[in-house]
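So the structure is just underneath, and the comments pick up after that.
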Amino acid sequence: MSFQGSVNRLSKEERDFYDIKNAAAEYYRVKRVPQEMERALNELFLHKPDDVNGYLANYFASRSAPPMISRLKAREVYDARGQPSIEAEVFCIVCNKEKSTSSAAVSSHFGLKDTLLEGKAYCQKRADHVISAIQWINGPLNNMLKAQNPCDQSEVDHILSNFFMARCLEEQDSENKGNGESLLPSEPDLDLPSSPPSKDKKSADKGKKSNMAEKPFPSAEAPEAVLPGSLAIGSVSLAVAKTGAQVQGSPLYKYIAALKDREAPTKFHVPIPLVTLLSCGKNSPGKLSLLEEVILIPKTGQRAKQVITMTLELQKEMMRIINTSTKAGATQISVSDNGALTVSYERPEQPLDLITEACTNIGLELGAEIHLLLNCAAPKLMDYSKGKYEVSAGVLKSPDELMDMYQNLISKYSAVVALIDPFRREDTEQWGKLSRGIGGSCALLSDITYKSQAAPLPGVKGHILKHMDETTVSDLIHITAEHEGSVLMGAEGSELCNETSLSDIAVGLGLDYVKLGGLSGAERMNKYNRLISIEEELALQGILVSKEKHPPPLFTENSSQEQSTTAQ
């Protein structure tokens with residue numbers, strides 16, 4: 001009897017079983033399962049591990065298909081200021097199972113510039129911003145990034161940036177259509193004299209002309225628009241980068257360094273932490289508004305933990321001085337959003353005198369062991385109705401008068417070696433004059449978080465950059481490469497308490513400095529602790545180096561003279 005005849009005489013159950021056996025044999029043949037099993041058993045016998053199942057699990061896991069993004073998920077969370085924000089979560093298929101691989105959140109500069117929005121209007125606009133971000137992540141971005149390789153950061157960021165640009169164009173088209181209906185040309189309202197002006201009229205006009213001869217006040221640049229939902233872009237980009245690092249079994253800082261340099265560096269240095277000592281900005285209890293932050297710059301060569309220990313000692317002495325010099329004692333001290341002490345002051349000399357006295361008391365040489373950086377945040381102080389900066393309550397200064405004030409402060413306090421945003425971007429003449437006036441003793445820094453593509457300001461040697469809104473990880477790499485050697489990463493006070501990625505980013509980008517805020521609050525101390533952890537890890541691996549810089553210690557023109565020595 002033929003083989004086919006024998007098969008035909010089998011029962012239905014037997015035929016079904018026979019078909020399954022054949023299908024299984026074919027599947028195993030195509031997938032080379034016998035060969036893989038034989039290789040695994042040979043390796044197992046060669047190594048003779050005690051944990052047989054664990055060894056086989058690791059063996060096959062190492063040969064599994066690379067993880068692919070299966071979906072994204074956004075959820076509403078609250079930032080350090082108690083404002084609603086979003087966190088992006090990435091899920092991947094790992095060993096045939098869907099797993100949550102990482103989550104991330106970035107800050108938004110929404111509301112930081114919308115000072116006219118208050119109460120319900122602000123809350124509603126903020127809520128719209130968050131809702132749009134959640135819809136973007138759970139909807140179109142989820143579909144676009146499905147099945148993408150999480151280790152292909154440039155491709156993921158390219159998709160995110162293209163999506164964001166498309167939304168910007170849609171928003172622009174919508175606004176143009178709306179403006180086109182409301183901005184129809186109308187009759188000009190001209191008041192032309194029908195006869196020559198009288199003598200008295202001429203005299204009055206002459207007086208007016210003499211007043212108008214004053215230098216025109218530069219108008220403000222158009223505010224940077226915040227597209228609702230934009231923080232979805234930065235959050236997803238960072239979450240994917242963290243996933244890529246996890247997939248490759250690498251710390252985030254090493255993963256970013258490899259993205260930046262195309263290969264993992266053999267040596268790393270940890271950015272010098274710049275710690276905010278005092279905050280005297282517009283939200284402080286006193287009249288002084290000029291100095292939003294007074295920041296400590298430690299001497300090079302110190303470990304991050306040493307810097308924090310030293311700063312805590314200095315801060316403790318400052319609090320003792322304040323408590324003994326005021327009747328109300330400690331009630332005069334509060335903590336700002338950026339984790340720094342805020343004290344009631346009227347003049348910019350007062351916080352600098354406090355730091356000077358505290359340094360003297362604990363034997364810390366100001367101007368040698370530590371220097372100071374002043375974040376002036378002058379753009380926030382402009383009174384556009386008067387065309388002057390309100391440096392303290394009721395005290396207004398023109399751009400030139402403010403420039404004179406800075407020069408006097410720097411000449412009196414030689415430990416001040418850098419200023420952040422001493423003027424608005426529009427006051428380019430004063431930027432140039434101040435730079436020339438202070439010479440090489442003090443560096444001018446500009447915040448480029450909102451204006452990364454703007455023309456360089458005269459005299460600026462350094463730039464502040466924060467990871468916010470639509471900025472992707474690839475954008476951070478590109479911006480820091482464009483401004484190589486002059487970028488300082490800064491933290492925003494509205495970040496989530498558990499988000500420590502900024503420390504990894506600063507190390508991975510190879511930056512010289514990082515500004516994480518004051519020494520108060522979980523969202524800042526977690527970042528400082530992460531910086532310490534990275535430094536200890538690199539030291540144990542023998543790949544930590546420290547950068548030696550020549551004075552002045554911040555963004556010097558002698559960067560070519562830098563020397564790197566292996567950290568002991």
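The values are calculated or read from the model by the stated rules, or taken from the named source; none is laboratory data. Everything quoted here is computed from the prediction, not taken from an experiment. Cβ sites come from the backbone with ideal geometry, for glycine too, and all protein chains shown count toward neighbours. For the accessible areas, the whole protein counts, side chains as well, though only heavy atoms, and no ligand, DNA or RNA atoms are used. Shrake-Rupley method; radii C 1.70, N 1.55, O 1.52, S 1.80 Å.
Quick look at the values:
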read-out	value
Test: residue in region 358-380 that is touching a Gly at 6+ places or on another chain (Cβ under 7 Å), touching a residue at least 60 places away in the same chain (Cβ under 8 Å) and surrounded by fewer than 22 Cβ atoms within 10 Å (Cβ to Cβ)	yes
Pairs with Cβ under 7 Å, 6+ apart, first in region 234-257 and over 15 Å from ILE477 (Cα atoms) and surrounded by 24 or more Cβ atoms within 10 Å (Cβ to Cβ), second modelled with pLDDT of 95 or more and among the hydroxyl-bearing types (Ser, Thr, Tyr)	GLY244/TYR255; ALA245/TYR255
Any chance LYS282 is touching a helix residue (DSSP H, G or I) at 6+ places or on another chain (Cβ under 8 Å) and in a loop (DSSP other than H, G, I, E, B)	yes
Flag if ARG436 is assigned to a helix (DSSP H, G or I) and farther than 25 Å from ASP157 by Cβ	yes
Condition met for LEU277 (more than 19 Å from ARG524 (Cβ to Cβ), open to solvent by less than 10 Å² (accessible area, probe 1.4 Å), out of contact with any His (no Cβ under 8 Å at 6 or more places or on another chain) and in contact (Cβ under 8 Å) with a residue 12 or more places away in the chain)	no
Region 403-430, subset within 28 Å of the chain's Cα centre (by Cα) and hydroxyl-bearing (Ser, Thr, Tyr), residue least open to solvent (accessible area, probe 1.4 Å)	TYR406
Where ILE355 falls short, out of the listed (1) over 30 Å from the mean Cα position of the chain (by Cα); (2) under 26 Å from GLY490 (Cα atoms)	(1)
From ARG71, ARG15, residue being open to solvent by 60 Å² or more (accessible area, probe 1.4 Å), at pLDDT below 85, in contact with a helix residue (DSSP H, G or I) (Cβ under 8 Å, 6 or more places away or on another chain) and not in a loop (DSSP other than H, G, I, E, B)	ARG15
Within region 447-464, tally of residues that are surrounded by fewer than 22 Cβ atoms within 10 Å (Cβ to Cβ), part of a strand (DSSP E or B), out of contact with any Asp or Glu (no Cβ under 6 Å at 6 or more places or on another chain) and free of Cβ contacts under 8 Å to residues at least 60 places away in the same chain	1
Test result for ALA506, of a type in the set (Gly, Ala, Ser), under 25 Å from LEU372 (Cβ atoms) and touching a helix residue (DSSP H, G or I) at 6+ places or on another chain (Cβ under 7 Å)	no
Selection within region 479-506 - among the acidic types (Asp, Glu), open to solvent by 10 Å² or more (accessible area, probe 1.4 Å) and either part of a helix (DSSP H, G or I) or in contact with a Phe, Trp or Tyr (Cβ under 8 Å, 6 or more places away or on another chain) (or both)	GLU482
Filter result (at pLDDT 90 or above and farther than 21 Å from TYR406 by Cα) within region 275-298	VAL275, PRO298
Strands (runs of 3 or more DSSP E) contained in region 365-412 and holding at least 3 residues touching a Phe, Trp or Tyr at 6+ places or on another chain (Cβ under 9 Å), over 30 Å from VAL307 (Cβ atoms) and at pLDDT 95 or above	none
Selected residue (only one of ARG530, ARG524 is under 25 Å from VAL130 (Cβ atoms) and either open to solvent by 10 Å² or more (accessible area, probe 1.4 Å) or modelled with pLDDT under 95 (or both))	ARG524
Matching residues in region 383-402 - criterion: being open to solvent by 20 Å² or more (accessible area, probe 1.4 Å) and out of contact with any Asp or Glu (no Cβ under 7 Å at 6 or more places or on another chain)	TYR384, SER385, LYS386, LYS388, ALA393, GLY394, VAL395, LYS397, SER398, ASP400, GLU401
Residue match in region 336-344 (condition: surrounded by fewer than 17 Cβ atoms within 10 Å (Cβ to Cβ) and more than 28 Å from the chain's Cα centre (by Cα))	no
Test: residue in region 270-284 that is hydroxyl-bearing (Ser, Thr, Tyr) and more than 27 Å from the chain's Cα centre (by Cα)	no
